[in-house]
Amino acid sequence: MNRLSCALVTVALCAAVIGSVGAPLITAVARSEDVPLGAAQWTLTITLFTGAIAGPVLGRLGAGPLRRRTILGALGVVAVGGVLTVLPLPFAALLVGRALQGVGIALVPLLVSVARSTLQQDRAASTIASLSVASTVGIGVGYPLIGLVDQVLGLRAAYGTGLAITLVALAVAWGAIPVDEPGPRPRIDVPGALLLGVGTLGLLFLVAEPALWGLPAAVVGVLAGTVTVLAAWVIVELRVDEPLVDLRLVARPTVAVANLAMLVAGIGMYLLFSDLTRYVQVPDGAPYGFALPGVAAGAALIPFSVLGFVAGKVVPRSVVRLGPRGTFAASSGLVVAAAVVFAVGRDDLVAVLVALAVLGLGVGGASAVMPRLVLDGTPQSETASVMAVNQIARAVGFSIGSALAGFLLARATPDGALLPAQGGYVAVALWSTVPAVASAVILMSARRGAVSVRAA
């Protein structure tokens, strides 16, 4: 069982590194492909978007006897995406490759399902907590490595490192993931997946493309189309026999509130994360920043990763004292603290590193406690499906946060300049506190409401 636990965490870490490859290379992509930073930001945003859409599809497949094949097939898709990022093809092909790599982000619910159904209870609980913070830890591993390869060998070699990591994950999964018991094969709600994808993409375009806001008719059209498509998706999910997302299950108060809190918190977390990662990549010659070389800029994310890992170990003890909701609220408070530290000490490298460390603690804490919130009272057979919905909430929140960071920083960039004004970074950091606070209020208010109902 120890072998399986290690294998699951290894695959999750590899998927996290692959998913995060885009962030340390945004500036390099803009220069190499001769595109604006806002366009280069899509190499990260589109990966998160694909993860959000692939999550429920993989989760539905993970509820049947195809779990092992689904995990291996998903890693195969990620490998194909890695090939597209390595080849010297146009920028559009790079975006397609990064989109395919986003499928790896959606693997975590499946890995959680394997752990919950195969490992003993104590081992399963610790493994699930480790899987939940794998994305945070993977960033600390991936950023310095990818930054070093980019600095020494160039952009395509850096993406080639992501491809190599994918092949490692595929080999580990092939050797360790158990074969599932025979049973009925689940159906995939293809119309639901298409409607969810189109609706989410429309939402991201509204946030990420500043040019749209100069065309009121286009904004109204995209907004109306997005609302219509998402409404149609809800209708489809309520009527089909095997929906992509069981909205009735998701509508349980505990699950719905946890997912809403995760979505809102994800916006704030990734808004600040994207802001800080862009800030430490500011090159030499700018009137602000630290002119860190690629490797050092990547290494600046190590505090984020280390404290995220620490959070995964601390959360079980904090849950005993604060409860799951209190722990999540405290984690959101750390995001606010990180934003304030950056805003005050933005000209001091040590202060920026402290902000990253505090942010890692907040992101890791929220991620580690989330399975406790969404799986409470959930049947074991629905683990993958419920976690996949939570993955949607998390990935959509992260996608919106990433896109919103690109939008706000683009608005703070003077005409003809490559880099935003320093005040733009500060404004983005302060904006990140709004969803962080809102997510804590959502959870704690729901708790009070539940208590009031029971008392009545």
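Things to note:
- Of the candidates Val137, Val114, the single residue that is open to solvent by less than 30 Å² (accessible area, probe 1.4 Å) and in contact with a Lys or Arg (Cβ under 7 Å, 6 or more places away or on another chain) is Val114.
- If you go through the range 203-234 and keep only what is under 23 Å from the mean Cα position of the chain (by Cα), open to solvent by less than 40 Å² (accessible area, probe 1.4 Å) and at pLDDT 85 or above, you end up with Thr226, Trp233.
- One residue from Val108, Val198 being open to solvent by 20 Å² or more (accessible area, probe 1.4 Å) and closer than 25 Å to Ala79 by Cβ: Val108
- Residue selected from the range 40-67 under the condition more than 19 Å from the chain's Cα centre (by Cα) and in a helix (DSSP H, G or I), by the criterion modelled with the highest pLDDT: Arg67
- For the range 159-185, the set of residues classified as open to solvent by 20 Å² or more (accessible area, probe 1.4 Å) and within 18 Å of Val103 (Cβ to Cβ) consists of Leu163, Ala164, Ile165, Leu167, Val168, Leu170, Ala171, Val172, Trp174, listed by residue number.
- Counted residues, the range 1-32 - those being in a helix (DSSP H, G or I) and under 20 Å from Phe407 (Cβ atoms): 6
- Yes/no for Asp122 being acidic (Asp, Glu), surrounded by 20 or more Cβ atoms within 10 Å (Cβ to Cβ) and more than 18 Å from the chain's Cα centre (by Cα): no
- The residue that is farthest from Val179 (Cα to Cα), counting only those in the range 68-87 that are at pLDDT below 90 and open to solvent by 30 Å² or more (accessible area, probe 1.4 Å), is Arg69.
- The lone criterion from (1) over 15 Å from Ala440 (Cβ atoms); (2) surrounded by 20 or more Cβ atoms within 10 Å (Cβ to Cβ); (3) at pLDDT 85 or above left unmet by Arg372 is number (3).
- On the stretch given as the range 260-287, residues that are open to solvent by less than 10 Å² (accessible area, probe 1.4 Å) and over 22 Å from Val340 (Cα atoms) total 0.
- Where a residue in the range 92-110 is over 13 Å from Val389 (Cα atoms) and its partner, wherever it lies, is buried (at least 24 other Cβ atoms within 10 Å of the Cβ) and aromatic (Phe, Trp, Tyr), with Cβ under 7 Å and at least six apart: Leu95/Trp42; Gly102/Phe49
- Scanning the range 328-351 for residues that are open to solvent by 10 Å² or more (accessible area, probe 1.4 Å) and β-branched (Val, Ile, Thr) yields Val336, Val340, Val341, Val344, Val350.
- Index of the failed condition, Gln391 passing every other in (1) modelled with pLDDT under 85; (2) closer than 30 Å to Gly289 by Cα; (3) open to solvent by 10 Å² or more (accessible area, probe 1.4 Å): (2)
The values are calculated or read from the model by the stated rules, or taken from the named source; none is laboratory data. Quantities reported herein were computed from a predicted structural model and do not represent experimental measurements. Heads up, the Cβs are rebuilt from the backbone with ideal geometry, glycines too, and the neighbour counts pull from every protein chain shown. We work out accessible area using only protein heavy atoms, side chains counted, and drop any ligands, DNA or RNA first. Shrake-Rupley method; radii C 1.70, N 1.55, O 1.52, S 1.80 Å.
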